[in-house]
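Everything on this sheet refers to the single structure shown next.
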Amino acid sequence: MAPRIDHLTTSGTFSLDGGTWDVDNNVWIVGDDEEALVVDAAHDADAILAALGGRTLRAIVCTHAHNDHIDAAPALAEATGAPILLHPDDLPLWKQTHPERLPDGELFDGQTLKAGGAVLRVLHTPGHAPGAVCLYSPTLATVFTGDTLFQGGPGATGRSFSHFPTIVESITEKLLTLPAETEVRTGHGASTTIGAEAPHREEWLARGH
């Protein structure tokens with residue numbers, strides 16, 4: 001049974017540095033008919049459970065700890081028994097949203113995660129957040145980038161815990177080195193490809209953050 005990628009969009013709010021904004025988030029489910037991984041449990045645990053359709057959830061993988069990407073993670077973990085995985089550099093952000101409930105395990109650069117025939121390799125890509133990660137699957141020709149890389153360039157770096165030169169370095173070293181045909185499945189909005197974004201690196205540098 002070949003692994004596949006399922007997608008749903010959930011809606012809620014993003015809050016940081018005293019501001020709150022309405023957002024739509026992409027939630028990605030990777031696996032087969034028996035088991036799966038969830039990339040970013042955003043806003044609506046019930047909707048994610050429905051999309052899982054009874055499959056065994058092996059892990060809830062957080063690309064970073066901004067509240068809009070993790071707000072439904074504890075409820076989804078409680079409902080499924082799946083562990084929540086987060087890069088430790090994002091614990092300060094995590095604790096802003098869930099001070100009473102820590103993640104269950106750590107993500108680290110080079111780690112591999114498996115479910116339903118899918119294999120995801122963790123790429124630590126700080127910049128949007130200190131513990132931001134992307135998840136690359138060569139066999140699915142896909143990288144899940146959270147808020148690190150979007151259609152049109154890097155994720156935002158104008159708020160706390162973020163740094164523009166760091167995100168550009170992360171994208172350059174960890175993402176633009178992937179095959180050009182690799183599909184970039186983002187945390188918000190439309191997907192793109194590495195080949196579509198790579199030629200614009202100099203434009204990103206010129207415009208700064």
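Numbers for the structure displayed
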{"item": "Candidates A198, A132, filtered to the one that is within 22 Å of V30 (Cβ to Cβ) and small (G, A, S)", "result": "A132"}
{"item": "From S191, S170, residue being of a type in the set (G, A, S) and closer than 16 Å to A129 by Cα", "result": "S170"}
{"item": "Odd one out for A41, checked against (1) surrounded by 13 or more Cβ atoms within 10 Å (Cβ to Cβ); (2) assigned to a loop (DSSP other than H, G, I, E, B); (3) in contact with an Asp or Glu (Cβ under 6 Å, 6 or more places away or on another chain)", "result": "(3)"}
{"item": "Scan of segment 132-149 for residues that are on the phi < 0 side of the Ramachandran plot and crowded, with 24+ Cβ neighbours inside 10 Å, ordered by number", "result": "A132, V133, C134, L135, V143, F144, T145, D147, T148, L149"}
{"item": "Unique residue being under 21 Å from A129 (Cα atoms) and either out of contact with any helix residue (DSSP H, G or I) (no Cβ under 6 Å at 6 or more places or on another chain) or assigned to a loop (DSSP other than H, G, I, E, B) (or both) when the list is G54, G110", "result": "G110"}
{"item": "Flag for G116 being farther than 18 Å from G146 by Cβ and either surrounded by 19 or more Cβ atoms within 10 Å (Cβ to Cβ) or of a type in the set (D, E, K, R) (or both)", "result": "yes"}
{"item": "Out of P126, P88, P92, sole residue that is on the phi < 0 side of the Ramachandran plot and more than 15 Å from the chain's Cα centre (by Cα)", "result": "P92"}
{"item": "Only listed residue being surrounded by 14 or more Cβ atoms within 10 Å (Cβ to Cβ) and assigned to a strand (DSSP E or B), chosen from D89, D22, D68, D6", "result": "D6"}
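Each value in this text was obtained by applying a stated rule to the coordinates, not by laboratory testing. Just so we're clear, the structure is a prediction, and the values are computed from it rather than from any experiment. All Cβ positions, even for glycine, are placed from backbone atoms using ideal geometry, and neighbour counts span all protein chains on display.
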